Amino acid sequence: MPDGSTALERQILSQPEQLEAVLAEPIPASAAERLRGVERIWLVGTGTSQHAAELGAAMLLEAGRAAHAASSMSFANRPPFAQGDGVILISHNAGTETAFAGAVWTMATRAGLPVVPITRRGGAMPDAIETVEKETSHTYTASYTAALVQLARLAHELGAAAAAFTPEVLGRVPDAVRAAIAEPGTERIAQPERLLVLTGEGPASVSAREGALKVREASRFPAEGYDVEYLLHGHAVPLNASDHLVTLVPPDTQGLTAGVEDAARAAGIPVTRVDEPADLPPPLEQIPLTVRLQILALRFALERGQNPDVAIEGPWDDPDLWAIGSPTS
């Protein structure tokens, strides 16, 4: 059982208070003003930050703004922007440890595009929307949920149709996270013999991929996350009784997630549904839902005797490898 001995556990448990602290401070007025007049908004990030970019794009679209998510490497190597566009760059490490995020910053600012960074407190990027202090575990949690809250606030500022992300609605998020911590609903998910597969529709598919990433980082257990339609179209074929399927709802608009659950059970695959009960708009539901999966990742790590605070080590921690893609002078 969790005992407070890891930075990951402390970060997970701190999230309600950290989110309240984030909401207590206004976002910089200049951030919204820099993006107010742009034609399209590109949200760019890597790994967990890319997942935040995808949900942030969904929030902006809901607010009536043209928005697209892209990975930092894809954006830097095949620039999709045009004059009149703007960029939201999401990087907890302020671009210093993610080479391609730094390249995006350099490219976009040199092209004269307005860039709004979302990064940790005290980061080096100017005029940033800040989230939380630098996380002490490699398995990022609080910085992700805080970035989602800040993206929702920015969407509210930028979109006349952003009623879903009012301060009153956002004020319900910390308590939803408290409820997720108190009763995560993932206790029935045992480590399968072979593979853990998470799936969901729409915004829940982003949480499926983020949850799989947390499980892999924290516990070194093989986990994969899929959009439910994508899973159905071939990726479910090799699954069997040695795996475990975790479905995330809502949404389940046409019942495809339920149908995939039935098919998996018929194939002898163990299935667990994680249902998020929070009274929040779909993009914001992903915050407490993701916290439930963070707790699952922590439990797997402790059960397996793994250190969830050190994910990148050995040959994967080669500085030359991580420097590939850095901006050129």
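Annotations
- Entry for volume of the Cα convex hull per residue in Å³ (calculated from the structure that is shown) out of (i) 150; (ii) 134; (iii) 179: (ii)
- Probe 1.4 Å, all protein chains present, accessible-area order of Tyr144, Tyr226, largest first: Tyr226, Tyr144
- Relative to the longest principal axis of the Cα atoms of the chain, the long axis of helix 142-158 lies at roughly 50 degrees.
- Translational diffusion coefficient (Stokes-Einstein; Kirkwood radius from C-alpha pairs) of the range 172-329 at 37 °C, 0.692 mPa s, in µm²/s: 199
- Sparse-neighbour loop sites [trypsin sites (Lys or Arg not before Pro); the range 251-329; at most 10 other C-beta within 10 Å; DSSP]: none
- Using alpha-carbon coordinates, inclination of helix 282-303 to the longest axis of the chain, degrees: 60
- Column: log10 I(q)/I(0), Debye, Cα scatterers of the range 15-123, q = 0.19, 0.23 Å⁻¹: -0.99, -1.40
- Working note: Karplus 6.51/-1.76/1.60 with θ = phi - 60° gives the range 119-134 the couplings 8, 5, 5, x, x, 7, 6, x, 6, 8, 8, 9, 10, 10, 4, 3 Hz, where Gly and Pro are set to x.
- The range 283-328: GluC sites (Glu not before Pro) falling in loop per DSSP and having at most 16 other Cβ within 10 Å: Glu313
- FRET efficiency for Arg304 and Gln83, using Cβ-Cβ distance with R0 set to 51 Å, rounded to 0.05: 0.50
- For the chain, the fraction of 1.4 Å probe accessible surface lying on carbon and sulfur atoms is 55 percent.
- Neighbourhood net charge (11 Å Cβ-Cβ; Lys/Arg +1, Asp/Glu -1) for Tyr144: -1
- Taking Lys and Arg as +1 and Asp and Glu as -1, the other residues whose beta-carbon sits under 14 Å from that of Ile27 total -1.
- Amide H contacts under 5 Å for Arg273, placed H, 5+ residues apart: Thr247
- For Leu198, the residues whose amide H sits under 5 Å from its own are Glu224, Gly225, Tyr226, Val246, ignoring neighbours fewer than 5 places away on the same chain, with H placed 1.01 Å from N.
- Along each principal axis, Cα extent of the range 1-76, largest first, Å: 49, 31, 21
- Loop-resident sites, the range 208-242, for trypsin sites (Lys or Arg not before Pro), counting at most 16 other Cβ within 10 Å (DSSP): Arg220
- The phi-based Karplus calculation (6.51 cos²θ - 1.76 cosθ + 1.60; θ = phi - 60°) puts the 3J(HN,Hα) values of the range 242-247 at 7, 10, 9, 9, 10, 9 Hz, whole numbers, x for Gly and Pro.
- Simple Cβ-charge dipole of the chain, Lys/Arg +1 and Asp/Glu -1, about Cα centre, in debye nearest 20: 460
- Helix 256-266 vs. the chain, principal-axis angle (Cα, 0 to 90°, nearest 10): 30
The values are calculated or read from the model by the stated rules, or taken from the named source; none is laboratory data. Being a predicted model, the structure only gives us computed values, none of them experimental. So basically every Cβ, Gly included, is an ideal-geometry build from the backbone, and we count neighbours across all protein chains shown. Just the protein is used for accessible areas: all its heavy atoms, side chains included, with ligands, DNA and RNA removed. Shrake-Rupley method; radii C 1.70, N 1.55, O 1.52, S 1.80 Å.
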